[in-house]
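First comes the structure, then the notes that go with it.
The values are calculated or read from the model by the stated rules, or taken from the named source; none is laboratory data. Just so it is clear, the structure is predicted and the values come from calculations on it, not from any experiment. Note that each Cβ is placed from the backbone with ideal geometry, even for glycine, and that neighbours are counted across all protein chains shown. Protein only, heavy atoms only, side chains kept; ligands, DNA and RNA dropped before computing areas. Shrake-Rupley method; radii C 1.70, N 1.55, O 1.52, S 1.80 Å.
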Amino acid sequence: MMYLSPRPSLLASHLRYSFEGFLFSVILLLGVILSTKAEAQTNGPTVLQSFTNTPISTTVSNALSLDLTQYFSITNLPDYFNTPTTLSNTVVVNSSMGDFLIQLFPTNAPATVANFLDYVTNGDYENMIIHRSVPGFVIQTGGYSNNTSLSAIPTFPPVTGEPGLSNLTGTVAMALSSGPNSATDQWFINLADNSSALDNASDGGPFTVFGQVIGNGISVAQAIAALPTNDFSGYYGSAFSAVPLQGWTNGTVNLDNLVTITNIFPLQGTFPYFAVSSDSNAFAVAVNGTNLTVSFVAYPTNPSTIGNLAKITVFAVDTNDLITNSSFQVYPSIAGSQTITFPAIPEQTYTTNQFLIGNYWPTSSSGVSVDITSYTGPLRVNSNGIPFFSGTGTVTLTANTETNANINLNYTPAHPVTISFRVTPNPISGSFSVPEKSVTNIGTSTGTFALEPPSSRSTGAFTYTSSNTNVAVVSNNIVTLTGIGTTTITVTQAAAGNYGTTYITKILTVAGEKPKFGTFSIPSQTYGSATLTLNAPASTSSGAFTYTSSDTNVASVSGNTVTIAGKGTAIITATQAAAGRYASASINTSLKVLPAVPTVSFTPPTSPTSYILNEIIPLTTTSTSGGAITYHSSKTGVISVSGSRATIKGAGTATLTATVAAHGNYTASTASNSVTVTPAIPILGTWSIPSKSLGAARFNLIHPASPSSGAFTYTSSATNVASVSGNTVTIKAAGSTTITATQAANGNYGTNATSAIFTVSPAL
């Protein structure tokens with residue numbers, strides 16, 4: 001019996017382009033660990049007898065219990081429980097480029113690890129290819145089998161992402177198809193540190209890391225990445241654009257040239273026996289010493305190509321880490337019912353091209369695979385299994401659930417469902433042409449022309465119509481132009497014989513004459529200017545003008561009013577609508593908007609200001625621009641500037657300048673002010689002159705303390721009592737006089753004076 005395939009032989013699921021990694025410490029990997037299964041079974045544990053496929057009761061609490069010593073022989077075991085283990089949660093990968101180990105991380109990504117092991121224990125990863133290699137990035141696998149059609153591995157439902165670990169060198173992560181929760185069967189090895197690209201949500205991520213290669217694993221991955229690649233996307237789809245090939249340089253590619261992973265199987269060094277269920281949500285497994293228990297949990301919800309069965313794989317490991325395994329299937333003991341949903345197929349138009357029946361493929365309520373087991377009518381299947389129509393009429397399809405006993409253990413077969421749809425004729429096999437015309441053809445001999453009918457398998461008569469008689473009218477098959485624009489010419493063929501009525505269309509365009517424009521220019525504007533009104537260019541056409549701006553951040557146009565928005569250059573386009581014999585046309589001009597000079601208000605220190613050394617005065621400036629403000633002093637010996645603070649350094653006059661930098665729509669601008677610092681009045685210290693007796697010798701005055709270095713001069717108010725020459729006092733008579741010390745202006749200080757009473761007592 002011939003069956004139709006529900007989907008192409010190749011799926012296009014692939015990684016979303018970006019990955020990298022960290023360098024793990026090298027773990028010593030004994031050669032015996034990476035022995036093939038056959039070697040392990042020869043030198044290590046052996047299988048005594050095969051398991052039997054077993055129904056598991058869904059109505060009683062009794063679970064399946066098996067003594068594993070009846071199924072395996074492990075000779076090298078006496079000191080097993082005293083031997084320290086080196087590996088756990090580990091799988092062995094046998095590849096055509098070398099064997100290596102993957103350490104799994106169930107603590108960090110439990111659902112992802114369980115999903116990966118479901119494919120492992122289900123045998124889906126046997127004889128699959130490395131289908132993508134990007135050196136310095138990743139190698140990718142898990143999606144396609146090594147066969148002539150490179151068929152896609154059937155997938156379980158997507159697993160929810162579990163981001164947390166980084167995509168570092170040597171880590172193993174799940175590929176995605178359409179977002180962070182779309183991982184199914186494909187996975188990749190990071191060849192470099194891809195954490196910056198793959199740990200975040202960009203490009204559909206983050207990508208869940210669930211393991212790492214250990215031992216020589218990264219070396220094997222790098223060796224695969226070093227192989228030449230070829231692009232087979234034209235034959236098999238976009239997932240095969242960089243397929244690594246071994247033992248190949250040029251010429252024909254054979255299956256032996258594909259890098260193949262022949263098998264993946266778990267390795268565990270904690271117990272002599274361990275078991276894995278391909279669907280732990282449906283059937284739970286537990287190993288206690290040498291006893292295996294399998295319990296029914298729920299009816300399976302993620303059927304693969306083998307239906308709703310669960311595969312139980314039991315592994316036996318000795319103290320040399322040699323391993324063997326044996327598997328069997330379990331299924332609920334009570335079968336459920338199921339129904340088929342076959343979507344209606346709309347009427348199809350006859351063509352010899354392929355019929356995409358996969359768009360309407362039936363499904364079952366249980367998830368068990370459904371086949372189209374029979375069909376009648378004008379439907380055929382070519383040698384590649386692709387359906388096509390052989391003619392017109394009614395097609396009838398019948399759908400059944402798969403009848404394989406192993407498939408339907410959980411469910412009774414569904415009732416078959418039959419649907420029908422019609423394939424209608426499409427007799428017209430050719431097209432017809434319509435020449436391009438212009439306004440210059442109207443009213444001339446070339447403005448009237450005949451239409452040639454398209455080729456057709458039908459003998460029905462042709463009729464012609466025009467959708468826009470303002471452009472063209474059709475009488476029989478004669479077209480007469482009436483104006484410029486476009487119209488749809490429809491050719492209708494009447495029903496005849498086995499063919500119904502059908503039609504095809506063609507667009508007829510009659511181009512108008514291009515108008516001639518005069519000058520169109522706009523003077524430069526300054527930001528902040530008022531709106532301006534555009535003047536339409538002169539034109540030979542009377543069509544209305546509309547205006548657009550290429551950059552509304554510079555200027556926008558409403559009607560013919562331009563509103564300035566910012567500095568820069570915008571292209572203003574004036575488009576004239578078609579009118580009369582003239583077609584629509586456009587003319588452009590540049591509008592340059594110059595930056596405005598900002599208003600700057602600079603408040604300097606009060607002038608004049610009295611000198612006080614190192615007095616700090618804040619500077620304040622406001623501006624209509626948001627540009628940065630800097631300050632400058634013409635004489636730093638008078639006033640120095642740091643940031644927005646002025647510091648008094650000496651007497652004199654300095655010009656302070658505030659500069660506002662260019663910013664946004666404004667140019668740079670400055671504002672200056674002259675500031676005068678007047679000399680300070682020196683503060684003189686306390687000054688006194690000791691009393692003397694008449695007849696005392698002359699003595700010199702000591703000037704009062706002063707911050708100024710100006711010279712002192714002295715005067716006496718009663719020169720008959722005492723006179724002063726320079727700073728020398730000469731006593732002349734008893735009495736008192738006022739001595740005044742006057743300090744001259746100097747540097748940053750002005751003049752000041754102080755006085756003291758000098759008393760001369762009579763001689764003894």
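Do we find that S607 is closer than 30 Å to G750 by Cβ and in a loop (DSSP other than H, G, I, E, B) in this structure?
yes
Residue check: is S717 over 29 Å from P762 (Cβ atoms) and open to solvent by 70 Å² or more (accessible area, probe 1.4 Å)?
Against the criterion (over 29 Å from P762 (Cβ atoms) and open to solvent by 70 Å² or more (accessible area, probe 1.4 Å)), S717 does not qualify.
Please find, within region 663-686, the residue that is nearest to the chain's Cα centre (by Cα) out of those that are surrounded by 17 or more Cβ atoms within 10 Å (Cβ to Cβ) and in a loop (DSSP other than H, G, I, E, B). If you could, list the steps in order and put the result at the bottom.
First pass over region 663-686, keeping only residues surrounded by 17 or more Cβ atoms within 10 Å (Cβ to Cβ): 665-667, 669, 671, 675, 677, 679-680, 682, 684.
Filter once more, keeping what is in a loop (DSSP other than H, G, I, E, B): 665, 667, 679, 682, 684.
Numbers: N665: 33, T667: 38, P679: 68, P682: 72, L684: 77 Å.
Looking at the filtered set, the residue picked out is N665.
What pairs come out if I take residues in region 616-636 that are more than 17 Å from A654 (Cβ to Cβ) and pair them with residues that are open to solvent by less than 60 Å² (accessible area, probe 1.4 Å) and not in a strand (DSSP E or B) whose C-beta lies under 6 Å away, six or more apart or interchain?
Every condition considered, the pairs that remain are S623/P598; T624/P598; S625/P598; G627/A661; A628/A661.
Could you list, in sequence order, all residues of region 341-386 that are of a type in the set (S, T, Y), in a strand (DSSP E or B) and open to solvent by less than 40 Å² (accessible area, probe 1.4 Å)?
S364, T373, listed by residue number.
Being in a loop (DSSP other than H, G, I, E, B), open to solvent by less than 60 Å² (accessible area, probe 1.4 Å) and of a type outside the set (G, A, S) is the filter here, so list the residues in region 479-526 that pass it.
If the condition is that a residue be in a loop (DSSP other than H, G, I, E, B), open to solvent by less than 60 Å² (accessible area, probe 1.4 Å) and of a type outside the set (G, A, S), then I484, P515, F520, I522 are the ones that fit.
Quickly run through region 562-578 and pick out the residues that are open to solvent by less than 20 Å² (accessible area, probe 1.4 Å), touching a Gly at 6+ places or on another chain (Cβ under 9 Å) and assigned to a strand (DSSP E or B).
Q576
Name the single residue that is surrounded by the most Cβ atoms within 10 Å (Cβ to Cβ) among those in region 527-546 being in a strand (DSSP E or B) and of a type in the set (V, I, T).
T546
Taking A472 as the residue in question, decide whether it is surrounded by 13 or more Cβ atoms within 10 Å (Cβ to Cβ) and modelled with pLDDT of 90 or more.
In short, yes.
Identify all residues within region 326-340 that are within 30 Å of L292 (Cα to Cα) and outside any loop (DSSP other than H, G, I, E, B); write none if there are none.
Across region 326-340, the qualifying residues are S326, S327, F328, Q329, V330, Y331, P332, G336.
Could you list, in sequence order, all residues of region 175-191 that are part of a loop (DSSP other than H, G, I, E, B) and open to solvent by less than 40 Å² (accessible area, probe 1.4 Å)?
Going through region 175-191, the residues part of a loop (DSSP other than H, G, I, E, B) turn out to be 175-182, 184-186, 191.
Scanning region 175-191 gives A175, L176, G179, S182, T184, D185, Q186, L191.
For S590, all conditions in the list (1) under 37 Å from the mean Cα position of the chain (by Cα); (2) outside any loop (DSSP other than H, G, I, E, B); (3) surrounded by 17 or more Cβ atoms within 10 Å (Cβ to Cβ) hold save one; what is the number of the exception?
(3)
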